[in-house]
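Below is one structure, written out as structure tokens; comments come after it.
Just so you know, all these numbers are worked out from the coordinates, no wet-lab data involved. Because the structure is predicted, anything quoted here is derived from the model rather than measured. Neighbour counts are summed over all protein chains in view; Cβ atoms, including those assigned to glycine, are modelled from backbone coordinates with ideal geometry.
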Amino acid sequence: MKKLYLTIIAVTTLCMLSALEATVSKENYHRFSLELEGGPVWQSRNNVQIPNNENGTRFSLVDLIGKGPFAAGRLYLTWNINQRNGLRVLLAPFKCTESAMLEYPIDFEGETFDVELPLEATYIFNSWRITYTYSLHRSPTSLFRIGFTAKIRDAKVQLDQKDKSARKTDVGFVPLLHLSGYYRFSQKWRLLMDLDALAGGPGRAEDLAIKFSYAVNKHWSLSGGYRTVEGGADVEEVYNFAWLHYAVISVEYNF
């Protein structure tokens with residue numbers, strides 16, 4: 001995973017450097033856009049241990065509640081301040097709750113959950129972000145942006161079993177590097193790329209989308225493709241690493 005994202009960042013950085021001398025295109029652009037994205041999501045990894053010591057049991061939420069699919073959606077609001085600078089707000093809630101039978105006892109956040117009784121597991125990973133972007137290159141056929149994303153992570157893992165309940169919430173700030181852009185194949189079709197990422201220290205986070213977009217008219221466009229969200233943290237209180245895969249479709253209104 002790390003090699004994949006480092007390769008993506010290296011390639012896009014080379015494109016950025018080659019475009020530094022390009023002038024900003026005189027083409028028209030929209031000041032605002034509103035995009036609604038949705039679709040099914042699957043989890044291929046979601047390992048949890050709370051607390052992250054001998055008092056906690058490491059277990060897989062994939063084994064407990066399955067791979068999915070689960071429903072997911074997100075909303076973007078973009079303000080293109082001018083042809084160089086922009087701001088984008090993202091609201092991306094995600095929640096899944098399923099029932100399961102344990103194959104072994106689990107010690108979680110001070111409670112021990114037994115194998116004899118059904119258990120309900122809830123996983124919440126809400127992401128609230130604001131992104132500043134700077135357009136290094138803009139032409140009639142391509143666009144490349146770099147920027148900074150301020151992310152608020154709002155996460156929770158909760159287990160419920162008869163008269164037992166334990167939960168761990170985690171709300172915090174995460175700074176992310178932002179890279180995005182597109183290549184226009186024709187007047188109607190574009191290939192889009194969007195990445196927020198951070199690596200290093202006790203955790204990491206990557207949110208990468210690759211989509212094909214079709215311009216219905218001057219204001220409306222439709223897109224579809226693949227999104228992956230991967231990352232987590234390995235600290236004293238929490239061990240949690242997840243990898244989610246989305247099949248997404250979007251509708252966007254530009255004005």
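Quick notes on this structure:
- Inter-part distance where the range 142-217 and the range 28-87 are each reduced to a Cα centre, Å: 6
- For the range 43-174, fraction of C-alpha pairs farther apart than 22 Å, in %: 51
- 0 to 90° range, to nearest 10: angle between helix 2-18 axis and the chain longest Cα axis: 20
- FRET efficiency, 1/(1 + (r/R0)^6) with R0 35 Å, evaluated for Met101 and Ile210 via beta carbons: 0.40
- Inter-probe distance in nm under a simple model that places probes 7 Å from Cα toward Cβ, at Ile130 and Ser186: 4.1
- Over the chain, the Kirkwood radius and the radius of gyration, each from Cα atoms, give a ratio Rg/Rh of 1.04.
- Estimated Rh, the range 43-89: Kirkwood, alpha-carbon pairs, angstrom: 14.4
- Per-residue ellipticity at 222 nm, computed for the chain from helices alone with -39500 (n - 2.57) per DSSP H run of at least four residues, works out to -2500 deg cm²/dmol.
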